[in-house]
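The values are calculated or read from the model by the stated rules, or taken from the named source; none is laboratory data. Fair warning: this is a prediction, and the values are worked out from it, not measured in the lab. With ideal geometry, Cβ positions are generated from the backbone for all residues, glycine too; neighbour counts draw on all protein chains shown.
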Amino acid sequence: MPLLRHESEIAFISSHRFLKKIMISVAVVSALAITGCASKPQISNSTRVMNSPDYYTVRSGDTLSGIAARYGLNYINIAQLNDIAPPYRIYVNQSLRLKGSAAKRTTTTQPITQAAPIQRQTIALPTTPSTTTQTTSRPVTPAVAPVTTAPVITATPTSTSLRWVKPSAGPVIQQFNPATNVKGLRYGGNLGDPIYAAANGQVVYAADGLKEYGNLVLIKHIDGYITAYAHNSKMLVKSGDNVTAGQKIAEMGSSGTNRVMLEFQIRLDGKPINPANIIPMN
């Protein structure tokens, strides 16, 4: 019995040592495994940084900050290297310098030399008076050019075989006066008073085409004479009619004027003459 117990103890001790060795081995293997895992390189999820070239050509979609991040650079340094001011805009095909140091700009200041103050110059006036100088003691009255009107050329009556009669029995209310544009005699009367041909002749005009004369009759006579009868209310002849001295040709009126009257004119070769020098006035 003692022998069996001793063998049993020996077997127990041996098995215990074996288990201890196994446990130590497991521990060593585990430690090695953990150490191996710890030394295994880790894959970083951070952005992969590329080696930056000396110069970079901007492509579509690039930004200054994106280029800087791609090469692990500071975009402000890139901006300074390339003289790019905020807001740091870049353009396609632009060449950017990525390496080097930004030289600090030195600004040389020059003192501003203030210009000499402008001095007033005294200009001496000429002592000799010019022709346009006016004295205060004698006011100059501007010369006014005299207004001249073109003289009305009148004709002198010539001897003729015509027999003249009065064109109206009414009174003469205005005499011949070319200066006031009265180129004949003006007779007063009543509306419808008879108007007579002053001499034998032919009617060459009977109409109202000249508004200032109203209804106008023109009679052509021999020796270059023409008589005119203006402002009629009614015309009793027509162009082409032959008339005799004293024949009623119209009736007095106010056409072309503001009162009832007859304006009677005599023209010799187209020039007005004073009818009072030819026709009877009584």
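Out of curiosity, is residue 279 assigned to a strand (DSSP E or B), under 16 Å from residue 165 (Cα atoms) and aliphatic (A, V, I, L, M)? Considered against the rule, which asks whether it is assigned to a strand (DSSP E or B), under 16 Å from residue 165 (Cα atoms) and aliphatic (A, V, I, L, M), residue 279 comes out as no. Looking across the range 179-228, just one residue is more than 19 Å from residue 261 (Cβ to Cβ), more than 55 Å from the chain's Cα centre (by Cα) and aromatic (Phe, Trp, Tyr), and that is 225. Can residue 220 be described as among the charged types (D, E, K, R), over 24 Å from residue 159 (Cα atoms) and at pLDDT 95 or above? So residue 220 does not fit the description; no. Given the structure, is residue 166 basic (Lys, Arg) and outside the structural domain of residue 272 (by TED's automatic domain parsing)? Answer is yes for this residue.
Within the range 223-243, which residues are touching an Asp or Glu at 6+ places or on another chain (Cβ under 7 Å), at pLDDT 95 or above and not polar (S, T, N, Q)? Walk me through it before giving the result.
Keep residues of the range 223-243 that are touching an Asp or Glu at 6+ places or on another chain (Cβ under 7 Å), which gives 224, 230-234.
Next, from what is left, pick out any that are at pLDDT 95 or above: 230-234.
Passing the criteria: 230, 231, 234.
If you check residue 178 against the conditions, is it surrounded by 10 or more Cβ atoms within 10 Å (Cβ to Cβ), at pLDDT below 95 and farther than 23 Å from residue 243 by Cα? Spelling it out, residue 178 is indeed surrounded by 10 or more Cβ atoms within 10 Å (Cβ to Cβ), at pLDDT below 95 and farther than 23 Å from residue 243 by Cα.
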